[in-house]
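All remarks here apply to the structure that follows.
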Amino acid sequence: MLRLIHFADLHLGVETHGQFRPDLGHSSRIQDFLDAFDQIIDAAIEERFDAVLFAGDAYKHAEPSPTLQRRFAERIQRLLAAGIPIVLLVGNHDRPRSVVRSTPIDIYAALRLPGVIVANRPERFTIATPSGPLQVVALPWIPPRLLLADDALREAGTPELERRYKEVIASALAPLLAALDAATPAVFLGHLSMEGGRFGSERSVILGNDPLFGLDELGLNSAPIDYVALGHLHSHQVLHERPPVVYAGSVERIDFGEEREDKGYVAVRIAAGPYPRDVSWEFRPLRTRPMRTFRLDILTDTPMDEIRRALERHATLIPEAIVRVTITTTPERAAAIRPLEVRRWLSELGAAHVAGITVQTERVARPRVELERSSRHDPVSLLERWVNLHRLSDQLAKAVIQRGREIIERVESRSSEPR
């Protein structure tokens, strides 16, 4: 049985919501991404996985600093020292704007390090692992702009360019898939957008048109592929069951758009035997830096006291987190809010970084209750209307009305007693 690790979208170099650490020579946020990377390397070594498949976007951009390149190389060296091969796929963030320039991971191909395979173009290769051979068909990010050299296509517009782009990719993959040996486990490793995939915050950093591929357009439906390992979309998701088509997702949160997403990697098992083989996989969450958004509606005339109490109620969620606070109140109360003091409180409660304190003002319009003339002086009717207006749960509404009736009856009884 082959045991593989599939991960993607490291984006080493993201510094948002961090502080520079002189002791490390880089941002604290970069260290968060390295810590996530270390957990994957540790698992691969401690559990003796057969190979690691990285599905693209090693860096935030195609010109990482020498410090970042060294940090990345140190982790690759740990795998090599343990005898675990790794495939490094080139993603869109790894591609320079000029198509003739090298990517930052091409250095591993130039060094010809045993155990490291750099996939910079569509290709098929076989990896020797302790549990037997593994076939890999790799599709790195191929910039659509490569086709713009054709003047006719430039004039044809986006739909025709996308159609032609898909044809070029399918033509490149067809002979690679046809050459697969059905008797040997095979994985498709790609950095692209698949139909049915859910985009997240990465949509904002994708430039231009991003073609969507179907399994049939790539030829994967008819090929002896055991597992499809994808990168590019930051949310972990499964698009197809047989074969499993899986986005590992990014290893750390890029921004607050990914606040509620688990980040991690995928552990894959491919059984021996003839195709179709039994394949199982599990998503393994990583310990990552939490992001927390607190939305506070301030309703009293002592807003700072109310804010302090609200933050203290969330005290267990704040330590080591990247935090932002949105405060909604009236213009009159907003004048009494001191954001710098709120920021200080968050730091005292252990926040790793305060991303922002936003104060939103709105005029409070009290809802009006239209009453029939016959019920305007009936306190029970008024109470029932108040309960309906506030949309309480059935259980709470019944309890409020019952308690209200008791109080009203007691007051009315006392009022009727002779004095």
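The values are calculated or read from the model by the stated rules, or taken from the named source; none is laboratory data. Since we're looking at a predicted model, the values are computed, not measured. Heads up, the Cβs are rebuilt from the backbone with ideal geometry, glycines too, and the neighbour counts pull from every protein chain shown. Each accessible area value is taken on the protein alone, full model and side chains, heavy atoms only, with ligands, DNA and RNA left out. Shrake-Rupley method; radii C 1.70, N 1.55, O 1.52, S 1.80 Å.
In the chain, the DSSP beta bridges split such that about 35 percent are antiparallel, to the nearest 5. The string of couplings for region 44-60 from the Karplus curve (6.51, -1.76, 1.60, θ = phi - 60°) is 4, 6, 5, 9, 6, 5, 7, 6, 10, 10, 9, 9, x, 6, 5, 10, 5 Hz, one whole number per residue in order, with x for Gly and Pro. Taken about its Cα centre, the chain carries a charge dipole of roughly 900 debye when the Cβ of each Lys and Arg holds +1 and the Cβ of each Asp and Glu holds -1. Using θ = phi - 60° in the Karplus curve 6.51 cos²θ - 1.76 cosθ + 1.60, the 3J(HN,Hα) couplings for region 78-89 round to 4, 5, 5, 5, 8, x, 10, x, 9, 9, 10, 8 Hz; x is entered for Gly and Pro. Taking amide hydrogens as placed 1.01 Å from N in the peptide plane, the amide H of HIS26 sits under 5 Å from those of ARG21, each at least 5 positions away in sequence or on another chain.
In the context of the full set of protein chains, residues of the chain present 51 Å² of accessible surface per residue (probe radius 1.4 Å, heavy atoms only). Applying the criteria of a DSSP loop state and at most 10 other Cβ atoms within 10 Å to the chymotrypsin sites (Phe, Trp or Tyr not before Pro) of region 222-313 yields no site. About its Cα centre, the dipole of region 18-108 is roughly 420 debye, where the only charges are +1 on Lys and Arg Cβ and -1 on Asp and Glu Cβ. Note on the chain: Cα-only Rg and Dmax are 29.1, 103 Å. Within the shell defined by Cβ-Cβ distances under 13 Å, the residues around MET304 carry a net charge of +1, with Lys and Arg each +1 and Asp and Glu each -1.
Under a Gaussian network description of the chain, with springs only between Cα atoms under 10 Å, the residue in HIS234, HIS11, HIS314 that fluctuates furthest is HIS314. For region 21-71, applying the loop criterion from DSSP together with a ceiling of 15 other beta carbons within 10 Å to the trypsin sites (Lys or Arg not before Pro) yields ARG48.
Tell me, rounded to the nearest percent, the portion of alpha carbon pairs in region 1-150 spaced more than 21 Å apart. Don't jump to the answer; show the numbers that get you there.
Working: 5110 of 11175 pairs.
In whole percent, the long-distance tail amounts to 46.
The HN-Hα couplings worked out from phi for region 178-189 by the Karplus form 6.51 cos²θ - 1.76 cosθ + 1.60 (θ = phi - 60°) are 5, 7, 5, 8, 5, 7, 10, x, 9, 10, 9, 10 Hz, whole numbers, x standing for Gly and Pro.
Projecting the Cα atoms of VAL323, LEU111, MET304 onto the dipole axis of the chain, where Lys and Arg carry +1 and Asp and Glu carry -1 at the beta carbon, places MET304 farthest toward the positive end. For the chain, the mean residue ellipticity at 222 nm estimated from helices alone is -9500 deg cm²/dmol, where every DSSP H run of n ≥ 4 contributes -39500 (n - 2.57) and the total is divided by all residues, rounded to the nearest 500. Heavy-atom accessible area for LEU382, with the other protein chains in place and a 1.4 Å probe, reaches approximately 70 Å². The H on the amide N of ASP297, modeled in the peptide plane, is under 5 Å from the matching H of THR328, each at least 5 residues off or on a different chain.
If a/c stays under 1.5 just call it rounded; otherwise compare a/b with b/c (prolate if a/b is bigger, oblate if not). Do that for region 256-327, with a ≥ b ≥ c from the square roots of the Cα gyration tensor eigenvalues. It comes out prolate by the Cα gyration axes.
Between the amide H of GLY264 and those of LEU286, distances stay under 5 Å, these residues lying 5 or more places away or on another chain, with hydrogens modeled in the peptide plane.
Take every DSSP beta bridge with both residues inside region 1-120 and express the antiparallel ones as a percent of the total, to the nearest 5.
Counting only bridges with both partners in region 1-120, antiparallel ones make up about 15 percent.
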